[in-house]
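Q: My questions all concern the structure below.
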Amino acid sequence: MDTSRSASVPAVEMRGIVKRFQDVVANDRVDFTLLPGEIHALLGENGAGKTTLMRILYGLYHADQGEIWVRGQPATIRSPKDAIARGIGMVTQHFALVPPLTVAENVILGHTSGIRVDLAEARRRVAAAAQRLRIPVDPGARVRDLSVGERQRVEILKALYRGAQVLILDEPTAVLVPQEVEALFASLRRLRDSGLSVVFISHKLHEVMALCDRVTVLRQGRVVGTVSVAETDRNTLARMMVGRLIQPVSRPAHPAGHRVLLRLDRLSARDDRGLLAVKEVSLAVRAGEILGLAGVSGNGQTELAQVLDGTRPAESGRVLVDGQEVPTGDPVALMAAGIGRIPEDRHESVVAELTVAENMVLEHLDEFVRNGTLDREAIHRHAARLIQQYQIRARPEDPIRTLSGGNMQKVILARVLERAPKVLVVAQPTRGLDVGATEYVRGKLVEQRERGAAILLISEDLDEILELSDRIAVIYEGHIVAILSGEEADPERLGLLMSGAALRAEARPPGGM
Amino acid sequence: MGIRVERAPAPLWIRPLLPLLAVLLTFVITAGLVMAVGVNPFTAYYYFIVEPLAGRVSAIEVLVKATPLLLTGAAVTFAFVGGYWNIGAEGQLYAGATAATAVGLLMEGVPSWLAIPAVVLAGFVAGVLWALPPALMKVKLAIDEVVTTLLLNSVALFGVSALLNGPWRNPISQWPQSPEIAASAIFPRLIPRTRLHLGFLLAIAIILVLWFVINRTAFGLRMRAVGLGPRAARFAGIRVERTVLTAALVSGGIAGVAGASQLAGIHYSLIEAISPGYGYTGIIVATLGTLNMVGVALAALFIGLIDTGAQTVSRALGVPVYLGDVIQATLLLVTLSVLLFQFYRIRWGRRAG
Ligand SMILES: Nc1ncnc2c1ncn2[C@@H]1O[C@H](COP(=O)(O)OP(=O)(O)OP(=O)(O)O)[C@@H](O)[C@H]1O
Ligand SMILES: [Mg+2]
């Protein structure tokens, strides 16, 4: 490659890109320039068109109008194959890995010549590449045994192994924990310094400020502007994205009640592989209190949340709601006891093909039956009311799969909050949501706290935990290793506890309960 | 210029047209075959589609042919909607026919108002029982029902064969054919001097009831939720196993009724050939009807028409009846391919990017 020229010629230039889906204009005359050796953020609310633009660049969609230039050459990209041939790689929100195969096999998959594959040789080459690029992965490990963060590294390695000079990352940090985010950023900075161009999609402004060189903001399919990170700040970016000012959620001081509404008593649970993932966890959440549960992903939070939403039975121990023991593994009993559940994976708590209205009543169908038949009128009215009350952008009869992440989360929130539950078990409530929707969801949680609900907030987003929690429990390898008050917690201290490093230093037993 | 296919939902108005498109494509694809047997395809399709509907007798015959398909189609659809892949309607039909024979033989001297419901009930119960083992294995042990229900079809057929060559062998003719059931257990004819019998009304009634259950009751909504998203259904507190079991057993029961209906409405005695694959055709009907009961009714009637048409064609033009089978099979493949298109769009025009 002619390096003297590549410094001035953009790595990618997209001009006048238009993309329509039915009546939605997802990209409206978008111009986008990616320079060599820069990390360029794409910002915008849910549905702004970020993913669409990048899918066009990667050949997954075809623009209705517009042109793409790669390193100064006009390019026709009709498939990911074309994109890869031009040095463009993409790591999508849903990974395209084959779980039973090893890392090395996944990396070379589709990138082999001939029929025979020398697996040992492949492993050596992948290991060499990983070392050269300083992406820590074990080429011999099976992908199904890897954490989300590790899988992501495999995806990145796969793209780079195929010679990507442009790497597109669509919300890569949405699934990562703070430590993994830091590691990813360090890798990306190194790769940038060696000449790679990166497109980085994220909803988190502080990440953009910390990592990126330039930012392009999209709103409703159009470019609002491209700015250099050095010359902007978070508020300006937020205003560009939303078109108005965003205030952080205010959390009025408010003493917690005395009644313990949710008590976990030496609760243990196994994960899908049968290993003990939650180990004798004891916690108490009082009325009017948000207890944040912080931890690096894979330390038992998912299993704990599932025990409390009824989709996983406990191995031993008890769950008490307002003093009454509730059987685990039974969603109906947990709901009846007064637990409202916002699960980690939105898509597994709604039936994609059913309508918004049907999903809103699915948990309490018996209340919508008249003379043995569904009272469809009432179901519709119910949905219309919640849609209005929670400002959901959807119609009652829309299949819920057509909703954006933010709106789907609002449906789930509406369905739960409408019943004024005593206890809320909330897992990763703002994962993948834009600033506006995040603000909305957090505001609702604070509202519930004011109302007197006991809230267990399980989140891998430390900012979220720190912003909302009255007390913070830290989980590490299934154990609660510390419980701090909101005031004494700060990111460094939490980070230390979450990594297990502080386990011996703070040898005193978990304070309080 | 070029044609591209991309993944995006097709506009809604296209969906009802897809089955029609499938029919059209099928005719185009099979035209060569029809010509190969030396017949003008347009003439053949005329006899296939139009001629059977032109005369009163043949039009009624279409309904007769559609009757078992309405039942097996409804049975399969009900299971599929609940997320249970019942490929065993054929075996359940044989079980139903066998039980209906056994009960029908006992109805000598019993009045019709009692004998006929007894025969239908026997068919239903036998179908349920035949569907029970694979359904339990699915729910309790997570053993794939596609394999087990399919395998049980052969078991049922061999069972019937054993019965007919053993205890039920016709003592006079020595044919593998059971004695005739009691006259009072035979379904009445709906129209004199045609073969249209009570089973047709029964099928229509069952389709209406199932439509109502699926679309208008809480159980139906739960069942759809289980079929479309079992994890989300479990999360919502729906008893997934119980729902799947119910869907599977009701499905088996209705397939059993199809057997009873063919026995008491058409054959009166059990024979090995009581079903030329109605249970399998029921899967075609369910798919063609896009898993909704109205569609199932239309699809069953349509296949009834093709079945009748195949005979008309062969009689009028002297082509083999098997041609009808080939066309039916082609139709299924084409329909399945065409139905995929609801998730894609075809675009013509300038390419960009
Ligand atoms: N395959 C599709 N079919 C129909 N509409 C689509 C499709 N993909 C995207 N859209 C619509 O195009 C618009 C832009 O979507 P896109 O996914 O690009 O947004 P985004 O900025 O990536 O949002 P998010 O932050 O939620 O990921 C939205 O209105 C979306 O509903
Ligand atoms: Mg996106």
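Q: For region B:212-230, check the following and say yes or no: at least one residue is more than 20 Å from the chain's Cα centre (by Cα) and in a loop (DSSP other than H, G, I, E, B).
A: yes
Q: Looking at A:384, A:337, can you tell me which residue is more than 14 Å from chain B (Cβ to nearest Cβ) and either aliphatic (A, V, I, L, M) or open to solvent by less than 50 Å² (accessible area, probe 1.4 Å) (or both)?
A: Values: A:337 fails: more than 14 Å from chain B (Cβ to nearest Cβ).
Within the list A:384, A:337, the selection yields A:384.
Q: Taking the condition of being part of a helix (DSSP H, G or I), basic (Lys, Arg) and within 15 Å of ligand 1 (Cβ to nearest atom), how many residues in region A:384-442 meet it?
A: The total comes to 2.
Q: Here's a follow-up. What is the one condition in (1) over 22 Å from residue B:140 (Cβ atoms); (2) without any contact (Cβ under 8 Å) to a residue 60 or more places away in the chain; (3) surrounded by 19 or more Cβ atoms within 10 Å (Cβ to Cβ) that residue B:233 does not satisfy?
A: Of everything listed in (1) over 22 Å from residue B:140 (Cβ atoms); (2) without any contact (Cβ under 8 Å) to a residue 60 or more places away in the chain; (3) surrounded by 19 or more Cβ atoms within 10 Å (Cβ to Cβ), residue B:233 misses just condition (1).
Q: While we're here: Considering every residue within region A:54-73, establish whether at least one is among the polar types (S, T, N, Q), over 17 Å from residue A:222 (Cα atoms) and either within 14 Å of chain B (Cβ to nearest Cβ) or open to solvent by 60 Å² or more (accessible area, probe 1.4 Å) (or both).
A: Yes, that holds for at least one residue.
Q: Taking residue B:101, is it closer than 21 Å to residue B:212 by Cβ and open to solvent by less than 20 Å² (accessible area, probe 1.4 Å)?
A: For residue B:101, the condition - closer than 21 Å to residue B:212 by Cβ and open to solvent by less than 20 Å² (accessible area, probe 1.4 Å) - is not met.
Q: Can you name every residue in region A:308-325 that is away from chain B (no Cβ under 13 Å) and not hydroxyl-bearing (Ser, Thr, Tyr)? Spell out the reasoning first.
A: From region A:308-325, those away from chain B (no Cβ under 13 Å) are A:314-325; that's our starting set.
Once the filter is applied, which keeps residues that are away from chain B (no Cβ under 13 Å) and not hydroxyl-bearing (Ser, Thr, Tyr), region A:308-325 yields A:314, A:315, A:317, A:318, A:319, A:320, A:321, A:322, A:323, A:324, A:325.
Q: While we're on this one: Among (1) within 14 Å of another protein chain (Cβ to nearest Cβ); (2) within 16 Å of ligand 2 (Cβ to nearest atom); (3) farther than 24 Å from residue A:402 by Cβ, which single condition is residue A:86 missing?
A: The number of the failed condition is (2).
Q: Given the criteria touching a strand residue (DSSP E or B) at 6+ places or on another chain (Cβ under 8 Å), of a type outside the set (Ser, Thr, Tyr), touching a residue at least 60 places away in the same chain (Cβ under 8 Å) and not in a loop (DSSP other than H, G, I, E, B), does residue B:76 qualify?
A: Details: touching a strand residue (DSSP E or B) at 6+ places or on another chain (Cβ under 8 Å): no; of a type outside the set (Ser, Thr, Tyr): yes; touching a residue at least 60 places away in the same chain (Cβ under 8 Å): yes; not in a loop (DSSP other than H, G, I, E, B): yes.
Judged against the criteria, residue B:76 is not a match.
Q: Here is a further query. Taking region B:168-189, which residues are open to solvent by less than 30 Å² (accessible area, probe 1.4 Å) and among the small types (Gly, Ala, Ser)?
A: Those that are open to solvent by less than 30 Å² (accessible area, probe 1.4 Å) and among the small types (Gly, Ala, Ser): B:178, B:182, B:184, B:185.
Q: Can you pull out every residue in region A:348-358 that is facing chain B (nearest Cβ under 8 Å) and either out of contact with any strand residue (DSSP E or B) (no Cβ under 8 Å at 6 or more places or on another chain) or surrounded by 20 or more Cβ atoms within 10 Å (Cβ to Cβ) (or both)?
A: From region A:348-358, those facing chain B (nearest Cβ under 8 Å) are A:348-354, A:358; that's our starting set.
Within region A:348-358, A:348, A:349, A:350, A:351, A:354, A:358 qualify.
Q: For region B:77-100, check the following and say yes or no: at least one residue is modelled with pLDDT under 95 and touching a Ser or Thr at 6+ places or on another chain (Cβ under 7 Å).
A: No, because not a single residue in region B:77-100 is modelled with pLDDT under 95 and touching a Ser or Thr at 6+ places or on another chain (Cβ under 7 Å).
Q: Another question, then. When you go through A:210, A:164 one by one, which is the residue that is among the aliphatic types (A, V, I, L, M), without any contact (Cβ under 8 Å) to a residue 40 or more places away in the chain and more than 15 Å from ligand 1 (Cβ to nearest atom)?
A: Numbers: A:164 fails: without any contact (Cβ under 8 Å) to a residue 40 or more places away in the chain.
The match here is A:210.
Q: Would you be able to say whether some residue in region B:155-167 is open to solvent by 80 Å² or more (accessible area, probe 1.4 Å) and modelled with pLDDT under 95?
A: For region B:155-167, residues open to solvent by 80 Å² or more (accessible area, probe 1.4 Å) and modelled with pLDDT under 95: present.
Q: Going by what's in this entry, would residue A:365 be described as of a type in the set (A, V, I, L, M) and either within 12 Å of another protein chain (Cβ to nearest Cβ) or open to solvent by less than 10 Å² (accessible area, probe 1.4 Å) (or both)?
A: yes
Q: Let me ask you something else. I need the full set of residues from region A:307-333 which are farther than 13 Å from residue A:264 by Cα, assigned to a helix (DSSP H, G or I) and open to solvent by less than 40 Å² (accessible area, probe 1.4 Å), in order please.
A: Correct list: A:309, A:331, A:333.
Q: Can you pull out every residue in region B:231-268 that is within 14 Å of chain A (Cβ to nearest Cβ) and either under 17 Å from the mean Cα position of the chain (by Cα) or not β-branched (Val, Ile, Thr) (or both)?
A: B:231, B:232, B:233, B:234, B:235, B:236, B:237, B:239, B:241, B:242
Q: Answer yes if at least one residue in region B:190-203 is buried (at least 18 other Cβ atoms within 10 Å of the Cβ) and either within 14 Å of chain A (Cβ to nearest Cβ) or aromatic (Phe, Trp, Tyr) (or both), and no otherwise.
A: yes
Q: Give the number of residues within region A:398-436 that are touching a residue at least 60 places away in the same chain (Cβ under 8 Å) and closer than 18 Å to residue A:457 by Cβ.
A: Result for region A:398-436: 17.
Q: Condition first: under 25 Å from the mean Cα position of the chain (by Cα), within 11 Å of chain B (Cβ to nearest Cβ) and surrounded by fewer than 22 Cβ atoms within 10 Å (Cβ to Cβ). Now tell me which residues in region A:22-53 satisfy that.
A: Selection gives A:24 alone.
The values are calculated or read from the model by the stated rules, or taken from the named source; none is laboratory data. Given the structure is predicted, the values throughout are model-derived calculations rather than measurements. Cβ coordinates were reconstructed from backbone atoms using ideal geometry, including for glycine residues, and neighbour counts include every protein chain displayed. For the accessible areas, the whole protein counts, side chains as well, though only heavy atoms, and no ligand, DNA or RNA atoms are used. Shrake-Rupley method; radii C 1.70, N 1.55, O 1.52, S 1.80 Å.
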